[in-house]
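> Could you have a look at this structure, given as structure tokens, before my questions?
Just so it is clear, none of the values below were taken in a lab; they were calculated from the coordinates. No experiment lies behind these values; they were computed from the predicted model shown. A quick note on method: Cβ atoms are made from the backbone with ideal geometry, for glycine too, and the neighbour counts reach across all protein chains shown.
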Amino acid sequence: MNKRISLGLAISLVAIGCAITLILTWTVSLNSYNSKIASKEKYEGVYQKLQEMDATVRGNYFGTLDNDALETAIINGYVSGIGDKYASYLTADLYNVYQKTNNGVITGVGFEVEEDGSGYLKIAKIYKNGSAESNGVKVGDMITEIGGKSVLSMSGDTARKRISGDAGTTLSLKLVSDGEERTVTLIRQQIDVESVTYKMLENKIGYIKITAFNAKTPEQFSHALNSLNSSGASSFVFDIRHNDGGLMSAVKPMLNRLIPAAAAATAEYVNGTRKTLIETDSEESVTLPIMILTDNKTSSAAEVFAVALRDEQGAQLVGTQTAGKSVLQSTYQFSDGSALILTTAKIIPSKSEIFDGVGLKPDYIVELPTDSPYDTLTQENDTQLQKAIEVLTPGSTSVEEPDNTESGNESAAESSVVSTGEESETSGESSGDDESN
């Protein structure tokens, strides 16, 4: 028997439901409002403290203040407080340089620097065909003076600004190397970054070295691959040692030449949503054995490149454990041209375990000779390359079984040969190539 209720009761029930909904919505909104008010009041207290400190410093400090450096330091303090070890703030000038580097073009003398604990700047990377290379500047050289002024008297950002400049202008540096000082005069110029080099080794082993992933890397890689293929390559060695990554958008077209259709990597964001990060659609793939050289400076996009080849194409790794950066950064540009690089997602390989903070363990763990640092290697003393050549050489009797303990990849454990036949996360100002790793 159907039960009926009166119209008055139905209206009452609807009213009660609406009231409950209103109360819940109001409670949530009130909590959110109170939270925002508390946060606002807290930050107002911080702003007031900064104003008091600024007035105190300006009224009592026996020295000269650099307002630009002070502003940048305050912002960097906030970024440091986030707790994101990969986050960074770039001034408009530095962001401009960052964009050019990602595009595969730089204007300068041809090197990158990093801050040293001594307060000086250390040469961290040398670009080919630049003034620094032609004048004998080496990785590890310490910059103590820029334009006759001590680096210790300026902030890191100020020092970098003094190093940068327009093409055609000169830069005077005092360098210290092995305890000896020397002064060099360099010429700033536009340099097309060569991120891929290649050659044919013995036994038709095609060797391709990838130093970065920028907008021009896929084209350079494709040219190298085509050239070695046309020369009859029977296998490949991809050298990504000392490659600290770059644009994720550069990785897909390169993998598209190497592996069949696959979702090679997925990004998981803060709200739990997942998005395919790298999906290849190639109907053809390389069917030759692949070895990949890695070290502790193989990082981010380079690691994604390596793990995708291991997961999807059975490639093997030779060398030492990688850096372990399995997260994605997005770039947010602000109205004044500055930008914030922020970690926004973790990267999940298609088959292997997440390697963030752990790194990728090589299938063959091989150290370099202690008396042969990476930047002085030749083919003869490069033990990691020699191991890859040994594994790829048909009929070699000295090949050891790979060390697959905790490698997270079963296909690598089974065979050393292949048996199968970077979206924008910005504030709206920057391009789709700003998602990096």
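> Taking H placed 1.01 Å from N in the peptide plane, check which residues at least 5 places from Thr298 or on another chain put their amide H under 5 Å from its amide H.
Sorted by chain and number, the residues that satisfy this are His242, Asn243, Ala323.
> Something else about it: Please work out the FRET efficiency for the pair Ser234 and Thr183, using the Cβ-Cβ distance as r and a Förster radius of 56 Å; give the result to the nearest 0.05.
Given R0 = 56 Å and the Cβ-Cβ separation, E is 0.65.
> Here's something else I'd like to know. Can you tell me the FRET efficiency between Ala124 and Asn203 if r is taken as the Cβ-Cβ distance and R0 is 35 Å, rounded to the nearest 0.05?
FRET efficiency, Ala124 to Asn203: 0.50.
> I need two numbers for region 185-301: Rg to one decimal and Dmax as a whole number, Cα atoms only, in Å.
According to the Cα coordinates of region 185-301, Rg and Dmax are 15.9, 53 Å.
> Please sort 144-150, 335-341 by packing, taking for each peptide the average over its residues of neighbouring beta carbons within 10 angstrom, highest first.
335-341, 144-150
> Might you report the magnitude of the Cβ-based charge dipole of region 263-366 about its Cα centre, with Lys and Arg at +1 and Asp and Glu at -1, to the nearest 20 debye?
The calculation lands at about 340 debye.
> I'd like the Karplus ³J(HN,Hα) series for region 286-297: coefficients 6.51, -1.76, 1.60, θ = phi - 60°, whole numbers in Hz, and an x wherever there's a Gly or Pro.
Per residue, the Karplus-derived 3J(HN,Hα) values read 5, 10, 9, x, 10, 10, 10, 8, 10, 8, 6, 10 Hz.
> Next question. Using θ = phi - 60° and the Karplus relation 6.51 cos²θ - 1.76 cosθ + 1.60, list the HN-Hα couplings for region 196-201 in order, rounded to whole Hz, with x at every Gly or Pro.
With the stated coefficients, region 196-201 comes to 9, 10, 8, 6, 9, 8 Hz.
> Got a sec to turn the phi values of region 252-266 into Karplus ³J(HN,Hα) couplings, 6.51 cos²θ - 1.76 cosθ + 1.60 with θ = phi - 60°, whole Hz, x for Gly and Pro?
4, x, 6, 5, 5, 7, 10, 10, x, 4, 6, 8, 7, 7, 10
> Could you order the peptides 94-103, 180-189, 251-260 from most to least packed, using the average number of other C-beta atoms within 10 Å per residue?
251-260, 94-103, 180-189
> Could you tell me, in Å, what Rg and Dmax come out for the Cα atoms of region 51-123?
My reading of the Cα-based Rg and Dmax gives 16.0, 47 Å.
> Residues in region 232-256 near a label at Glu283, defined as backbone nitrogen under 18 Å from the 7 Å Cα→Cβ point?
The answer is 256, whose backbone nitrogens lie closer than 18 Å to the label point.
> Also: Between Asp68 and Val176, what is the spin-label point distance in nm, taking each point 7 Å from the Cα along the Cα→C-beta axis?
In this crude spin-label approximation the distance works out to 2.7 nm.
> Cα-Cα pairs above 22 Å in region 105-191: how many percent?
14 percent
> Given the Cα-Cα distance of Asp192 and Leu152 and 0.36 nm per residue of separation, how much length would full extension add, in nm?
The span from Asp192 to Leu152 would gain 11.2 nm if fully extended.
> Here's something else I'd like to know. Taking 45 Å as R0, compute the FRET efficiency from the Cβ-Cβ separation of Thr370 and Val270 and round it to 0.05.
0.55
> So, one more: Quick one: which residues, 5+ away or cross-chain, put their amide H under 5 Å from the amide H of Glu194? H built at 1.01 Å from N.
Lys128
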